[in-house]
1. Which one of these does Tyr3 not meet: (1) of a type in the set (Phe, Trp, Tyr); (2) open to solvent by less than 100 Å² (accessible area, probe 1.4 Å); (3) not in a helix (DSSP H, G or I)?
2. Condition check: under 11 Å from the mean Cα position of the chain (by Cα) and polar (S, T, N, Q). Does Thr34 satisfy that?
3. Could you figure out which of (1) assigned to a loop (DSSP other than H, G, I, E, B); (2) touching a Ser or Thr at 6+ places or on another chain (Cβ under 9 Å) isn't true of Ile9?
4. With the requirement that a residue be farther than 30 Å from Ala36 by Cβ and either open to solvent by less than 100 Å² (accessible area, probe 1.4 Å) or at pLDDT 90 or above (or both), what does segment 6-19 give you?
Amino acid sequence: MKYKIEKNIPITTEHPLYPFHRMEVGDSFHYARTKAKSVGLNSAHYGKHNHMTFKTVNKGTEGRIWRIK
């Protein structure tokens, strides 16, 4: 398999699924409860590498996540 070498491609800190990179402390977003595990795991990973902390609350069929640090 051959790989194409590319130059001058900026490194992004954006998350492909969730808007963590746009969140300020106190911001939150709503998600379907079926995505709770994905949101939790992705926020923990993103937060660890970007010095952020998130809090999730799941209730019924929905959930919400806040950036707290």
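1. Answer for Tyr3: the failing condition is (2).
2. Details: under 11 Å from the mean Cα position of the chain (by Cα): no; polar (S, T, N, Q): yes.
Taking the combined requirement at face value, the residue does not satisfy it.
3. Result: Ile9 fails condition (2) only.
4. Once the filter is applied, which keeps residues that are farther than 30 Å from Ala36 by Cβ and either open to solvent by less than 100 Å² (accessible area, probe 1.4 Å) or at pLDDT 90 or above (or both), segment 6-19 yields Glu6, Lys7, Asn8.
The values are calculated or read from the model by the stated rules, or taken from the named source; none is laboratory data. Quantities reported herein were computed from a predicted structural model and do not represent experimental measurements. Glycine gets a Cβ as well: all are built from the backbone with ideal geometry, and neighbour counts include every protein chain shown. These area figures cover heavy atoms from the full protein model, side chains too; ligands, DNA and RNA do not enter into them. Shrake-Rupley method; radii C 1.70, N 1.55, O 1.52, S 1.80 Å.
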